[in-house]
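Structure, as structure tokens:
The values are calculated or read from the model by the stated rules, or taken from the named source; none is laboratory data. Quantities reported herein were computed from a predicted structural model and do not represent experimental measurements. So basically every Cβ, Gly included, is an ideal-geometry build from the backbone, and we count neighbours across all protein chains shown. Only protein heavy atoms, including side chains, enter the accessible area calculation; ligands, DNA and RNA are left aside. Shrake-Rupley method; radii C 1.70, N 1.55, O 1.52, S 1.80 Å.
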Amino acid sequence: MIPDFNITDFGPINLVVLQTTSFCNLDCDYCYLPNREQKNQLSLDLIHPIFKTILTSPFVQHDFSVCWHAGEPLAVPISFYESAFELIEEASQNYNSKSYKIWQSIQTNATLINQKWCDLFKKHDVLVGVSLDGPDFIHDAHRKTRKGTGSHESAMRGISLLQKNDIPVYIIAVLTEQSLDYPDEIFNFFIENNLTDVGFNLEETEGIHQSSSLASRELEDRYKAFIQRIWDLTAANQGQFKIREFENLCNLIYKDCRLDKTDMNSPFVIVSVDYQGNFSTFDPELLSVKTKDYGDFILGHVLTDSLESVCHTEKFHKIYHDMKAGVEKCQQTCQYFGVCGGGAGSNKYWENGTFISTETHACRYRTQIITDVILEELEKIYHIEQA
């Protein structure tokens with residue numbers, strides 16, 4: 001098969017997602033990950049091969065971030081990370097010929113954080129993202145322990161420790177249908193707890209989570225009203241509160257930039273490695289799942305394959321061909337393409353059954369409705385200034 005691409009067009013790597021463990025101490029009802037009850041753990045023996053594979057690839061062209069994620073990363077001992085960071089530094093000295101910076105980050109539910117974890121984060125300048133859905137009655141409805149109790153109190157205890165140690169906290173809040181009725185409560189909760197850097201993820205139909213409470217056109221007016229109210233509250237806060245979605249879209253508008261792709265539909269901008277050393281690209285959410293049409297999305301293993309070598313496999317060709325075809329269809333048919341870049345393949349597959357497709361509930365919520373709200377607000381400002 002003659003490839004319809006040139007691998008010099010792939011990358012550069014911005015993000016490496018590493019699965020420390022498949023296990024999670026919580027049992028969130030909207031999680032897409034399988035096997036999160038199993039205490040599988042990444043071997044330290046794989047750290048050197050992982051970073052040799054990454055750093056010797058042609059796709060490393062600038063600084064990049066490592067995010068420990070896909071399971072609860074703090075469910076393994078602190079000693080694991082102390083050793084892992086040393087091994088990463090050794091690999092960097094051996095293979096990072098241009099001395100690119102490797103940033104460390106972690107995405108956690110915060111329930112296991114204690115002072116020793118805070119000491120580790122400060123010692124190694126680890127960026128900390130916390131999954132927190134808002135006030136307790138919203139958060140605890142979905143983010144429960146394995147015994148069925150709420151996790152909000154434990155998460156807030158961990159966040160308090162981070163704040164006492166002057167460690168910045170970046171929040172990821174999952175929105176469900178329930179969230180839509182409480183924009184003021186969610187906003188005020190974050191403000192009152194000095195959590196002012198927030199990104200909204202949507203409950204999605206994805207992986208083992210086969211049905212989202214947001215998967216209905218009938219909810220779009222409620223969702224738009226929610227986003228409108230969050231915009232109004234954020235604007236009134238005069239820049240002290242940041243919503244990732246607003247920041248990203250306003251930045252594109254301000255700079256008069258448009259997207260022609262995203263990190264999640266471009267090969268080797270994101271590299272994901274599971275606890276066994278298997279690697280993939282595109283959406284990190286694809287690595288741990290299996291599908292009827294594509295099988296799994298494992299492209300290779302760090303002990304046997306290079307990143308560039310898997311670009312010549314039949315599996316990669318099929319995934320990339322379909323992913324690219326879907327992006328091209330979006331570009332040809334959707335007026336929001338310039339602020340979307342073709343969306344995420346995982347959303348297209350789980351909602352439409354194929355990468356070669358266009359609109360999803362996810363892109364309606366994540367891009368189209370938010371864009372409409374922002375443009376309507378900017379038009380109001382323009383007309384006021386012209387009056």
**Q.** Close pairs (8 angstrom Cβ cut-off, 6 or more residues apart or separate chains): of a type outside the set (D, E, K, R) in region 310-338, open to solvent by 80 Å² or more (accessible area, probe 1.4 Å) and assigned to a helix (DSSP H, G or I) anywhere
**A.** 337/331
Q) Would a scan of region 151-169 turn up a residue that is under 23 Å from residue 35 (Cβ atoms), surrounded by fewer than 21 Cβ atoms within 10 Å (Cβ to Cβ) and either in contact with a Cys (Cβ under 8 Å, 6 or more places away or on another chain) or among the acidic types (Asp, Glu) (or both)? A) no
Q: State all residues of region 267-298 that are in a loop (DSSP other than H, G, I, E, B) and at pLDDT below 95; if no residue qualifies, say none.
A: 282, 283, 287, 288, 289, 292, 293, 294, 297, 298
Q: Could you identify the single residue in 129, 134 that is within 21 Å of residue 189 (Cβ to Cβ), under 19 Å from the mean Cα position of the chain (by Cα) and in a loop (DSSP other than H, G, I, E, B)?
A: 134
Q: State which residue is nearest to residue 28 (Cα to Cα) when the search covers only region 53-91 and only residues that are among the hydroxyl-bearing types (Ser, Thr, Tyr) and part of a helix (DSSP H, G or I).
A: 81
Q.
Looking for something under 28 Å from residue 213 (Cβ atoms), touching a helix residue (DSSP H, G or I) at 6+ places or on another chain (Cβ under 6 Å) and open to solvent by 20 Å² or more (accessible area, probe 1.4 Å) - is there at least one such residue anywhere in region 365-374?
A. no
Q. Given the structure, is residue 24 farther than 25 Å from residue 268 by Cβ, in a loop (DSSP other than H, G, I, E, B), out of contact with any helix residue (DSSP H, G or I) (no Cβ under 8 Å at 6 or more places or on another chain) and of a type outside the set (Lys, Arg)?
A. no
Q | region 103-130, subset open to solvent by 20 Å² or more (accessible area, probe 1.4 Å) and in contact (Cβ under 8 Å) with a residue 60 or more places away in the chain, residue farthest from residue 171 (Cα to Cα) | A | 112
Q: Would you be able to say whether some residue in region 315-334 is within 24 Å of residue 66 (Cβ to Cβ), surrounded by fewer than 19 Cβ atoms within 10 Å (Cβ to Cβ) and at pLDDT 95 or above?
A: no
Q. Does region 280-302 hold any residues that are in contact (Cβ under 8 Å) with a residue 12 or more places away in the chain, farther than 16 Å from residue 322 by Cβ and out of contact with any Gly (no Cβ under 6 Å at 6 or more places or on another chain), and which are they?
A. 284, 285, 287, 288, 298, 300
(Q) Quick check on my filter: what residues within region 93-107 are in contact with a strand residue (DSSP E or B) (Cβ under 6 Å, 6 or more places away or on another chain) and among the hydroxyl-bearing types (Ser, Thr, Tyr)? (A) 105
Q.
I'd like the full set of residues that are among the polar types (S, T, N, Q), surrounded by fewer than 21 Cβ atoms within 10 Å (Cβ to Cβ) and in contact with a Leu (Cβ under 9 Å, 6 or more places away or on another chain), limited to region 255-301.
A. 276, 278
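Could you run through region 137-192 and say how many residues are assigned to a helix (DSSP H, G or I), of a type in the set (S, T, N, Q) and within 24 Å of residue 229 (Cβ to Cβ)?
So the first thing to find is which residues in region 137-192 are assigned to a helix (DSSP H, G or I), and the list is 137-139, 152-164, 178-181, 183-192.
Next cut, of a type in the set (S, T, N, Q) only: 154, 160, 163, 178-179, 188.
Pick out the ones that are also within 24 Å of residue 229 (Cβ to Cβ) and you get 178-179, 188.
Looking only at that region, the number is 3.
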Q. Which condition number does residue 87 fail, the rest of (1) more than 20 Å from residue 286 (Cα to Cα); (2) touching an Asp or Glu at 6+ places or on another chain (Cβ under 7 Å); (3) open to solvent by less than 70 Å² (accessible area, probe 1.4 Å) being met?
A. (2)
Q. If you check residue 310 against the conditions, is it β-branched (Val, Ile, Thr), in contact with a strand residue (DSSP E or B) (Cβ under 6 Å, 6 or more places away or on another chain) and in a helix (DSSP H, G or I)?
A. yes
